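Remarks on the structure that follows.
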Amino acid sequence: MGKTRIRIIICLLILSILSLSALFSALHQSGRMENEAIFYRQIAWITIGWLFLFAFSFVNYRLYFDLAFFLYIFNIALLIGVKLFGREIMGAKRWIPVFGINFQPSEFSKLVIIILLARFFSQDKETRGIFLRKMLVPLGLVLITFSIIFKQPDLGTALICLLLFFLLGLSSRLKKWYFIMPLALVVVASPLAWHVLKDYQKKRLLVFLNPATEPLGAGYTIIQSKIAIGSGKSLGKGFLSGTQNQFNFLPERHTDFIFTVIAEEWGFMGSLFLLLVYYLILKNILAIAKEAKDEFGALLCVGTVSLYFLHIFINIGMTMGILPVVGLPLIFLSYGGTHIFINFLLLGVVFNVSKQ
């Protein structure tokens, strides 16, 4: 197990270096760096993230089993606090200012949902009322979180919370039809959700189908992203040499579209290398899950893999234009504090599972 953790740490070190190099490049324009404070904050976030990883690796993961409901209630209180006291940025109210840092409770929700579902889906000897206790109750709690986050609005994170329910449920030893039937209903009923989407969310979906409908509006970012990725070709244009990046054609390149910077500068081979690093992290976490002492620990690991996979798949998919833009960061790479802390913290939990 020690070797498994070492392999994950090596991959994390690579991602930390890639994050800082890509961010350094993304902030450069015309040969000089803009917004240097963003780069230095990212160094601070990553440093704190590593501290979280090692600190939480010493916290017995069974403690989270006992704290699951308290953490859920605390998280709901935070989400309500965002509605009352949150800071609005670009039309969305998702952040609470804490000591000069914009804390995003919806990111914390992902951690809480994984812990809560791992507790519910852990098998016990009691079988009476199992459908109610193991399926309907946790689904209701997840839907409460989903609804609050959706109204912020943050469709991407809300969907992640809902998808975690189905992925963790299908990974547990509970009957698969408990989750397959509701998932099928969600898929069938999804067109009805059109009427509850915000106007900008509807526009994102329409632009996904045809970016050319608004080449200078909602479709601009995805068009420029696809141009940048394609122009990287096999080996890329080199560090600080991506034209779409350096000449400021690509918005949000230090956050949700940081993969585009990597693809333009390092090409297909660099992108493939990044995917290989992600694959090794997920593979080794699953190896820890297989050796876990109990199902709760195993599901914590599976939940972490599910969360990471969803972020990787959706983020890279949207930068390539094969998925709608929903505003999800690329794990361990995109600029930001809360999501970096949560991702490192989850790995700390995984490491503790491997130590037991």
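Coordinate-derived values only; no laboratory data. Being a predicted model, the structure only gives us computed values, none of them experimental. Note that each Cβ is placed from the backbone with ideal geometry, even for glycine, and that neighbours are counted across all protein chains shown.
At-a-glance table
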{"read-out": "Eligible aspartates and glutamates near residue 151 by straight Cα distance, threshold 17 Å, same-chain separation 8 or greater", "value": "88, 107, 199"}
{"read-out": "11 Å beta-carbon shell around residue 325, net charge (K/R +1, D/E -1)", "value": "0"}
{"read-out": "At R0 = 30 Å, FRET efficiency that the Cβ-Cβ distance of residue 286 and residue 58 yields, to 0.05", "value": "0.85"}
{"read-out": "Where Rh is the Kirkwood radius over Cα pairs, Rg/Rh for the chain", "value": "0.96"}
{"read-out": "Packing-based exposure ordering (other Cβ within 10 Å, fewest first) of 295, 88", "value": "88, 295"}
{"read-out": "Estimated dipole of the chain in Debye, rounded to 20 [Cβ of Lys and Arg +1, of Asp and Glu -1, Cα centre]", "value": "760"}
{"read-out": "Environment charge of residue 25, counting only residues whose C-beta is closer than 15 Å and scoring Lys/Arg +1, Asp/Glu -1", "value": "-2"}
{"read-out": "Whole-Hz couplings from phi, Karplus 6.51/-1.76/1.60, listed for the stretch 158-166; x for Gly and Pro", "value": "4, 5, 4, 4, 5, 5, 4, 4, 6"}
{"read-out": "Contour minus Cα-Cα distance for residue 70 and residue 294 (0.36 nm per residue)", "value": "78.5 nm"}
{"read-out": "0 to 90° range, to nearest 10: angle between helix 295-319 axis and the chain longest Cα axis", "value": "20"}
{"read-out": "Fewest-first sequence of 25, 109 by Cβ atoms within 10 Å of each Cβ", "value": "25, 109"}
{"read-out": "Histogram of C-alpha separations across the stretch 132-288, 10 Å bin width, %", "value": "9, 25, 28, 27, 10, 1"}
{"read-out": "Helix axis angle, 105-121 relative to the chain longest principal axis, alpha carbon, degrees", "value": "30"}
{"read-out": "Virtual spin-label span in nm between residue 198 and residue 241, 7 Å along Cα→Cβ", "value": "4.0"}
{"read-out": "Contact order normalised by residue count of the stretch 2-355, Cα under 8 Å, 6+ apart, percent", "value": "29"}
{"read-out": "Quarter of the Cα convex hull surface for the stretch 195-316, i.e. its orientation-mean projected area (nm²)", "value": "9.8"}
{"read-out": "Of 93/293; 233/283; 198/226; 110/283, pairs whose Cα-Cα distance is over 32 Å", "value": "93/293"}
{"read-out": "Separation of the residue 101 and residue 323 label points, Cα + 7 Å toward Cβ, nm", "value": "2.7"}
{"read-out": "Rounded to 10°, Cα long-axis angle of helix 62-85 versus longest principal axis of the chain", "value": "50"}
{"read-out": "Descending principal axes extents, the stretch 80-173, alpha-carbon based, whole Å", "value": "48, 23, 21"}
